[in-house]
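Q: Let me give you the structure first, and then I'll get to my questions.
The values are calculated or read from the model by the stated rules, or taken from the named source; none is laboratory data. Keep in mind that this is a model prediction, so the values were computed, not measured. Cβ: placed from backbone, ideal geometry, glycine included. Neighbour counts: every protein chain shown.
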Amino acid sequence: MKTLKYILIVLALIVIAIFAVKFINSKSEVSFEASGQGASVSVQSVKRSDNSSLASAGGALSLDMIIKWQTSNYPKDAGVDINLLKKVSNSPVQYSLARVIAKDISDTGEAIWTPLAGETGSDLYIEVTCGSSYQFQTGCSMGAEPVSAY
């Protein structure tokens with residue numbers, strides 16, 4: 001009977017040690033998020049670049065677009081994802097992913113996007129989301145709706 005008590009005590013200590021190690025490791029991860037508040041990211045604007053010009057080969061128009069976003073409570077080492085969405089419904093409002101423009105790029109607040117052939121129209125929108133490869137300790141959300149690409 002005493003042996004069983006000792007085994008149960010040892011098992012309980014092992015379980016406590018495992019949880020303690022996991023807790024210590026999770027606290028040692030670098031995180032710059034404000035305590036208790038989740039991070040957020042939102043698109044501020046999508047505008048044609050001043051550098052948009054006629055390309056030399058074939059005279060095609062270069063439609064470089066500047067995407068600007070803002071983050072709040074965002075970790076220094078977390079990137080952002082930028083997606084091109086196609087609006088598929090107005091009621092309820094729904095979008096489908098047309099393509100990923102950028103994945104886990106630095107949170108500089110600005111990026112240049114050069115639309116591919118066929119990526120024009122009033123039904124296209126840009127969204128900037130929380131980086132998909134970073135594990136946000138207190139969560140991350142979009143602070144605004146997608147912005148029209150044109």
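Q: If I filter segment 132-150 down to residues being assigned to a strand (DSSP E or B) and under 15 Å from residue 72 (Cα atoms), which single residue comes out as modelled with the lowest pLDDT? Spell out how you get there, then give the answer.
A: Start the filter on segment 132-150 by keeping residues that are assigned to a strand (DSSP E or B), which leaves 140-142, 147-148.
Applying the additional criterion that residues be under 15 Å from residue 72 (Cα atoms) yields 140-142.
Numbers: 140: 88, 141: 88, 142: 84.
Only one residue fits best here, namely 142.
Q: Of (1) at positive phi; (2) not in a strand (DSSP E or B), residue 74 satisfies all except one. Which?
A: Just one mismatch for residue 74, condition (1).
Q: Among (1) in contact (Cβ under 8 Å) with a residue 60 or more places away in the chain; (2) among the hydrophobic types (A, V, I, L, M, F, W, C); (3) crowded, with 16+ Cβ neighbours inside 10 Å, where does residue 111 come up short?
A: Looking at each condition in turn, residue 111 falls short on (1).
Q: Could you check how many residues of segment 29-87 are at pLDDT below 85 and not charged (D, E, K, R)? Let's see the steps before the verdict.
A: Within segment 29-87, the subset at pLDDT below 85 is 29-37, 49-63.
Those left that are additionally not charged (D, E, K, R): 30-32, 34-37, 49, 51-63.
Looking only at that region, the number is 21.
Q: Still on this model: In segment 120-131, which residues are at pLDDT 90 or above and closer than 20 Å to residue 90 by Cα?
A: Result: 122, 123, 124, 125, 126, 127.
Q: Inspect all residues belonging to segment 62-74 and state whether any of them is of a type in the set (A, V, I, L, M) and without any contact (Cβ under 8 Å) to a residue 24 or more places away in the chain. Break it down into steps so the answer makes sense when it comes.
A: We begin by selecting, within segment 62-74, every residue of a type in the set (A, V, I, L, M); these are 63, 65-67.
Now restrict to residues that are without any contact (Cβ under 8 Å) to a residue 24 or more places away in the chain: none.
There is no residue in segment 62-74 that is of a type in the set (A, V, I, L, M) and without any contact (Cβ under 8 Å) to a residue 24 or more places away in the chain.
Q: Can residue 81 be described as within 14 Å of the chain's Cα centre (by Cα), part of a strand (DSSP E or B) and either closer than 17 Å to residue 142 by Cα or not β-branched (Val, Ile, Thr) (or both)? Explain how you work it out, then say what you get.
A: Working: within 14 Å of the chain's Cα centre (by Cα): yes; part of a strand (DSSP E or B): yes; either closer than 17 Å to residue 142 by Cα or not β-branched (Val, Ile, Thr) (or both): yes.
Here the answer is yes, as residue 81 does meet what is asked.
Q: For residues that are of a type outside the set (A, V, I, L, M, F, W, C) and in a strand (DSSP E or B), tally how many sit in segment 93-125. It would help to see each step written out before you state the result.
A: Restricting attention to segment 93-125, the residues satisfying the condition of being of a type outside the set (A, V, I, L, M, F, W, C) are 94-96, 99, 103-104, 106-110, 114-115, 118-123, 125.
Pick out the ones that are also in a strand (DSSP E or B) and you get 94-96, 99, 103-104, 110, 125.
Count: 8.
Q: Would you call residue 123 of a type outside the set (A, V, I, L, M, F, W, C), over 20 Å from the mean Cα position of the chain (by Cα) and surrounded by 11 or more Cβ atoms within 10 Å (Cβ to Cβ)?
A: Numbers: of a type outside the set (A, V, I, L, M, F, W, C): yes; over 20 Å from the mean Cα position of the chain (by Cα): yes; surrounded by 11 or more Cβ atoms within 10 Å (Cβ to Cβ): yes.
Yes.
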